[in-house]
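Asker: Handing you a structure now.
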Amino acid sequence: MTVLITGGAGYIGSHMTLALLARGRRAIVLDDLSTGSRDAVPVGAPLIVGDVADEALVLRLIAEHGVTAIAHFAARIVVPDSIRDPLGTYMANTMKTAQLLRAATAAGAPHFIFSSTAAVYGLLPPTPTPETAPLEPASPYGASKLMSERILSDAAAAHRLRYVVLRYFNVAGADPQMRTGQRAAGASNLITLATRAALGMTDGLDILGTDLPTPDGTGVRDYIHVSDLADAHVAALEHLEAGGDSATLNCGYGRGFSVREVIDAVRRAAGHDFPVREKPRREGDPFISIADARAIRATLDWTPKLDDLDVIVAHALEWERHYWGAEERKRLWTARRAAG
Ligand code: UD1
């Protein structure tokens, strides 16, 4: 009953590994460390450095460790990078998912949890967005995930495999015990950028668009705490193990906050102000992205525990402070000043 976690050295995968170990489950991590960090892998989960598309390796791991479920997090996730390098994105996300599934089905591992994204819905979905909304990804990233969903569903129909696809909305925060969090220096998501600005690691935050058709003119997102998201993965696994049907579920709380509301929450958590500049909107950004989150609650035994923007932001800020440390912040600050 071991769970193979691909991308377990990354941000969300490391949280799921912790959540599994906390329930007394066995987990092994397969990660090529291209973006993940060795020190993100929780003690208690062996790390195998390798490629998810290495069929012989995956077959061996499944056999040696008695793997009955695969949680597949390993992917390229940066939308602008996917536009610059669509083929690399399709190779890394779609092709490798197919290869991983080939090994999973050949070895008879019966359960599969797949990390998908709200980006499958495109730029103007109905809000809140149900799972049945039109699937119109606006980027190679979203398309690569949608194609993987299709491949997974076809593979499940042909083989003895059941799955849960989780479509993440905006994931943020860090493990409340500060064992793991966002380690990518180049992370580009709003809450990480805002907390780094509040800590003086950057010269401030740009609001990307103040004239959007939203209540305060800035983008609205459904921010979900990464530890609640990790628990949703464990609940998805338990659903499959209890004989539940395959399912595709949104992961969000079903409510949205604007960029200005996030900035206010970061100011409250930091206890001080930080520089904010108003800039033009980012091309290709949806104005509003909020999950219709009823299906996940109806299908899985999952009750979020950290559904509070102030908590999400406080954990993100504490992590940044803890992880980067004062010396590193000073180094980044000096480097930024030298770069002009
Ligand atoms: C995020 C994910 C994307 C995923 C999508 C799902 C990241 C980096 N991107 O994109 O992979 O597919 O959710 O819907 O996690 N903003 C600013 N200033 C900034 C950065 C962002 O104002 O410096 C605004 C954006 O315009 C947006 C909001 O903050 O309104 C959130 O942006 P971001 O954190 O980048 O996430 P998404 O673009 O929603």
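Asker: Hey, could you check the stretch 183-233 for residues that are assigned to a strand (DSSP E or B) and in contact with a Leu (Cβ under 8 Å, 6 or more places away or on another chain) and say which is most open to solvent (accessible area, probe 1.4 Å)?
Answerer: Of the residues in the stretch 183-233, the ones assigned to a strand (DSSP E or B) are 205-208, 220-221, 223-225.
With the extra rule that they be in contact with a Leu (Cβ under 8 Å, 6 or more places away or on another chain), the set shrinks to 205, 221, 223, 225.
Numbers: 205: 7, 221: 32, 223: 12, 225: 0 Å².
Checking each candidate, the answer is 221.
Conditions (1) over 21 Å from residue 12 (Cβ atoms); (2) of a type in the set (Lys, Arg); (3) assigned by TED's automatic domain parsing to the domain that holds residue 14, marked per residue:
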site: 107; (1), (2), (3): yes, no, yes
site: 119; (1), (2), (3): no, no, yes
site: 133; (1), (2), (3): yes, no, yes
site: 139; (1), (2), (3): no, no, yes
site: 150; (1), (2), (3): yes, yes, yes
site: 153; (1), (2), (3): yes, no, yes
site: 156; (1), (2), (3): yes, no, yes
site: 166; (1), (2), (3): no, no, yes
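Asker: Right, something else. Give all pairs with beta carbons closer than 8 Å in which a residue from the stretch 271-289 that is without any contact (Cβ under 8 Å) to a residue 40 or more places away in the chain meets a residue that is more than 10 Å from the ligand (Cβ to nearest atom) and outside any strand (DSSP E or B); count only pairs at least 6 apart in sequence or on separate chains.
Answerer: As it stands, the answer is 273/267, since those pairs meet every condition given.
Asker: Looking at residue 109 and the list (1) in contact (Cβ under 8 Å) with a residue 60 or more places away in the chain; (2) open to solvent by less than 10 Å² (accessible area, probe 1.4 Å); (3) closer than 23 Å to residue 79 by Cα, which single condition is not satisfied?
Answerer: For residue 109, the exception is condition (3).
Asker: Quick check on the stretch 167-182: of everything there that is assigned to a strand (DSSP E or B) and not basic (Lys, Arg), which residue is farthest from residue 141 (Cα to Cα)? First the steps, then the outcome.
Answerer: Restricting attention to the stretch 167-182, the residues satisfying the condition of being assigned to a strand (DSSP E or B) are 167-168, 170-172.
So of that shortlist, the ones also not basic (Lys, Arg) come out as 168, 170-172.
Numbers: 168: 13, 170: 15, 171: 16, 172: 19 Å.
Here the answer is 172.
Asker: Kindly indicate the residue of the stretch 135-162 that is assigned to a loop (DSSP other than H, G, I, E, B) and within 15 Å of the ligand (Cβ to nearest atom) and also least open to solvent (accessible area, probe 1.4 Å) among those meeting that condition. Break it down stepwise before answering.
Answerer: So the first thing to find is which residues in the stretch 135-162 are assigned to a loop (DSSP other than H, G, I, E, B), and the list is 135-139, 159-161.
Filter once more, keeping what is within 15 Å of the ligand (Cβ to nearest atom): 135-139.
Details: 135: 80, 136: 117, 137: 40, 138: 67, 139: 14 Å².
The qualifying residue least open to solvent (accessible area, probe 1.4 Å) is 139.
Asker: Where residues in the stretch 1-14 are in a helix (DSSP H, G or I) and open to solvent by 10 Å² or more (accessible area, probe 1.4 Å), which of them is nearest to residue 237 (Cα to Cα)? Give the derivation first.
Answerer: From the stretch 1-14, those in a helix (DSSP H, G or I) are 11-14; that's our starting set.
Adding the requirement that they be open to solvent by 10 Å² or more (accessible area, probe 1.4 Å) leaves 11-12.
Numbers: 11: 19, 12: 16 Å.
Result: 12.
The values are calculated or read from the model by the stated rules, or taken from the named source; none is laboratory data. The structure presented is a predicted model; accordingly, all values stated were derived computationally and were not measured. No Cβ is skipped: glycine too gets one built from the backbone with ideal geometry, and neighbour counts run over all protein chains shown. For the accessible areas, the whole protein counts, side chains as well, though only heavy atoms, and no ligand, DNA or RNA atoms are used. Shrake-Rupley method; radii C 1.70, N 1.55, O 1.52, S 1.80 Å.
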